[in-house]
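Okay, structure first, notes after.
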Amino acid sequence: MSTPAVRQQRRKIGLVTVRKHATAFRMDSSPRHVAIVTGANHGIGAAIAETLARNDIAVLCAYLRAEDEEDGKPAGRHAHRKDGFHRDPSSSGEEVALEIRDRGGRAAAFEADLRDPTAPARIFDAAEELLGPVDILINNASGWVQDTFRFDGEPDQFGRTTVPVDHETISQQFAVDAHAPALLIAELARRHRAREADWGRIVGLTSGGDLGFPGEVSYGAAKAAQTHYTMSAAVELVPDGITANVVHPPVTDTGWVTDEVRDYVRASSSHFHIANPAEVAATVAFLVSYDADLITGNVITMR
C-alpha cells in the first residue's frame with residue numbers, strides 16, 4: 001500500500017515529461033534502469049544521483065537530514081558552501097530530485113534512517129512504486145563519527161572535534177556504513193532473483209587504508225566491513241549478472257576542505273589530488289555502465 005509520502009512523490013513525478021539526455025557511457029534506454037543512491041541529499045551522493053540521471057537512469061534519492069548534535073557528527077564536518085554539490089547535509093533529498101526532474105530526468109526522494117533495520121526494504125518499496133524495479137544500488141551514505149582511541153579533548157590537526165570510541169560511536173557507524181549496506185545488497189539480490197532479472201550493479205564507497213583510519217577508527221572499520229560485504233556480493237552474485245565494486249575516493253571537497261587540509265594533501269606522498277564530487281560520480285557512473293560489464297570484485301582507488 002502506498003504511504004502518503006510515496007503518493008505525494010508520484011504526483012510530483014507525474015507532472016514531468018521525460019526527455020532523453022546524451023549519455024556519457026553505454027546504457028540501454030529500454031528498459032530504463034533504476035538506481036537507489038543513499039545519502040543523496042548532499043556531497044558525493046548528490047553528484048552521483050545527478051550524474052546517473054544525465055545517463056538516462058531513474059534515481060531514488062534516499063537520504064536523512066543531518067542534525068549535528070543528535071546524529072553524533074561534529075559540526076566541523078558539516079561546514080558547507082551551498083554551491084554546486086556543496087549542499088547542507090540538513091537539506092532534503094527532494095531538492096536534488098527536483099533539480100533532476102527540472103532537467104527532464106526521472107527522480108524521487110525518500111527519507112529513511114539507515115540505523116533502522118526496516119529502512120532498506122522500505123527504500124526499495126518506494127523506489128519500485130515510484131520508478132520501477134531497481135537494478136543499480138549505490139551505497140554512499142555514512143553515519144560519520146570522528147572517534148579515536150586516544151581522546152584528549154583537543155581538536156585534530158584540521159581543527160575538527162573528536163570523540164572517544166564508545167558503544168554509541170561504534171553502533172552508529174556500523175549501523176549506517178556496514179549493516180545497512182549489507183541489508184540493501186541483500187534486498188537487491190532477493191528482488192532481482194524473484195523477477196528473474198539478469199543485469200545489475202552494486203557500488204559502495206569506502207575510506208581508510210591498510211592500517212585502518214587513525215583518528216576516525218570506527219569510520220574506517222565500518223567501511224572495511226562494507227568493502228568485505230561488497231566483495232562477497234561480487235563473487236556470489238555472478239550467476240545473477242550483478243557486478244559489485246567499491247570506490248575509494250581521494251579527499252573530496254564537499255564544502256569542508258580547508259587550507260589546512262589542502263596543505264596536508266600537497267605534502268602527502270599518498271594523497272595526490274583533492275577531487276570534487278562530480279569527479280567521483282563519473283567513476284561510479286562508469287562502473288554502472290555496460291562498458292564495465294567485466295569489472296567486478298574491485299576496490300577502485302582514486303588518487
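No lab work stands behind these numbers, since they all come straight from the coordinates. Because the structure is a prediction, the values reported are computed rather than measured. Here the Cβ positions follow ideal geometry from the backbone for every residue, glycine too, while neighbour counts run over all protein chains shown.
Just to confirm a number: summing +1 for Lys and Arg and -1 for Asp and Glu over residues other than GLY209 whose beta-carbon lies under 15 angstrom from that of GLY209, what do you get? Local charge sum for GLY209: 0. Summing +1 for each Lys or Arg and -1 for each Asp or Glu among the other residues whose beta-carbon sits under 13 angstrom from that of HIS228 gives -1. The order of the peptides 283-291, 43-51 by mean Cβ neighbours within 10 Å, most packed first, is 43-51, 283-291. Within the stretch 161-239, list the GluC sites (Glu not before Pro) lying in a DSSP loop whose Cβ has at most 11 other Cβ atoms in a 10 Å radius. Sites meeting the loop and neighbour criteria: GLU196. Normalised by 2.2 N^0.38 Å, where N is the number of residues, the alpha-carbon radius of gyration of the stretch 79-229 equals 1.18. Under the simplified labelling scheme, the ARG195-VAL238 pair shows an inter-label distance of 2.6 nm, with each label point 7 Å from Cα along Cα→Cβ. Among the trypsin sites (Lys or Arg not before Pro) in the stretch 153-214, those located in a DSSP loop and surrounded by at most 14 other Cβ atoms within 10 Å of their own Cβ are ARG195.
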